[in-house]
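The values are calculated or read from the model by the stated rules, or taken from the named source; none is laboratory data. Remember, it's a predicted structure, so these values are computed and weren't measured experimentally. Because the Cβ atoms are built from the backbone with ideal geometry, glycine has one as well, and the counts that use them run over all protein chains shown. Ligands, DNA and RNA are stripped out before the accessible areas are found, and what is left, the full protein with its side chains, is counted by its heavy atoms. Shrake-Rupley method; radii C 1.70, N 1.55, O 1.52, S 1.80 Å.
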Amino acid sequence: MRSIWALEVLLLLRRRAPAGLTADEIVAALRASPGLITRIIDQLVAERLVIKDAAGAIRFECDPGLAKLCDALELAAQDRPIALRDAIHSSPNDKLRNFSDAFRLKGKEKDREGDDR
């Protein structure tokens, strides 16, 4: 999970399965901004954890392997919410990682240049 918000959306949809919710219903249930929820839904669809049906409802639906991981997330959210939150917050952000990698690469090149002299 990339964020606590994404976890909350996923778990809300999982609890409602097999029924679905509209984006507006998710916004209302979680008291979140529509833009945030739209981005999270798009992310969860891309990760094949939820689907959008023809009526516009979003439903939890994924392959059995991912469903087992979602079961584990639900248990962790119930049993160890602080540890789960800390794990999500400490996971590297792709944009931040790409930014830092750009500097790391330059630093390695400098080190190599210094070794050649």
Mind grabbing the accessible area of residue 86 for me, 1.4 Å probe, Å², rounded to tens? 70 Å²
With a point put 7 Å past each Cα toward its Cβ, work out how far residue 32 is from residue 3 in nm, to one decimal. 0.7 nm
Additional length obtainable on full extension of the chain from residue 22 to residue 80, 0.36 nm per residue less Cα span: 18.0 nm
